[in-house]
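The values are calculated or read from the model by the stated rules, or taken from the named source; none is laboratory data. Source: prediction; values computed, not measured. Quick reminder, even Gly has a Cβ in these numbers, built from the backbone with ideal geometry, and neighbours come from all protein chains shown.
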Amino acid sequence: MLNTLVQNASEVSHGVAAIGAGLAAIGAGIGIGKIAGDANIAMARQPEMKGDIRASSLLFAVLVEGVALFGVVVGLLFWLKQ
């Protein structure tokens with residue numbers, strides 16, 4: 001009985017890990033899209049600040065990618081855990 005419960009919990013955790021990794025990737029795509037869209041609007045409103053806005057948006061995009069990569073790695077670690 002206990003072996004069956006542990007085996008079922010292991011299978012469920014694999015599915016949850018895959019969902020978590022997918023949500024991390026989707027969240028990163030949404031975040032980077034929002035950053036790029038707002039940066040374009042800001043550059044259109046203040047063209048003289050183009051360089052600063054581009055640098056800031058690049059920094060934020062890198063941070064969002066880092067968090068997404070962390071989420072995917074954690075999901076893969078849960079999936080590979082036996």
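So which residues in the stretch 36-51 are exposed (fewer than 12 other Cβ atoms within 10 Å of the Cβ) and either in a helix (DSSP H, G or I) or in contact with a Ser or Thr (Cβ under 7 Å, 6 or more places away or on another chain) (or both)? Once the filter is applied, which keeps residues that are exposed (fewer than 12 other Cβ atoms within 10 Å of the Cβ) and either in a helix (DSSP H, G or I) or in contact with a Ser or Thr (Cβ under 7 Å, 6 or more places away or on another chain) (or both), the stretch 36-51 yields GLY37, ILE41, ALA44, ARG45, PRO47, GLU48, GLY51.
Could you list all residues from the stretch 20-38 that are of a type outside the set (A, V, I, L, M) and in contact with a Gly (Cβ under 7 Å, 6 or more places away or on another chain)?
Of the stretch 20-38, the ones of a type outside the set (A, V, I, L, M) are 20, 22, 27, 29, 31, 33-34, 37-38.
The answer is GLY20, and nothing else.
Being farther than 30 Å from SER13 by Cα, loosely packed, with under 12 Cβ neighbours inside 10 Å and either modelled with pLDDT under 90 or not hydroxyl-bearing (Ser, Thr, Tyr) (or both): is that true of GLY66 here?
Details: farther than 30 Å from SER13 by Cα: no; loosely packed, with under 12 Cβ neighbours inside 10 Å: yes; either modelled with pLDDT under 90 or not hydroxyl-bearing (Ser, Thr, Tyr) (or both): yes.
So GLY66 does not fit the description; no.
Inside the stretch 8-53, residues that are among the aliphatic types (A, V, I, L, M) and touching a residue at least 60 places away in the same chain (Cβ under 8 Å) make up a count of 3. The residues in the stretch 9-28 that are of a type outside the set (Ser, Thr, Tyr) and surrounded by 12 or more Cβ atoms within 10 Å (Cβ to Cβ) can be counted, and the count is 12. Quick one: would you say LEU76 is modelled with pLDDT of 90 or more and closer than 18 Å to ALA25 by Cα? Against the criterion (modelled with pLDDT of 90 or more and closer than 18 Å to ALA25 by Cα), LEU76 does not qualify. Within the set LEU76, LEU58, the sole residue that is part of a helix (DSSP H, G or I), surrounded by 11 or more Cβ atoms within 10 Å (Cβ to Cβ) and either touching a Ser or Thr at 6+ places or on another chain (Cβ under 8 Å) or without any contact (Cβ under 8 Å) to a residue 12 or more places away in the chain (or both) turns out to be LEU58.
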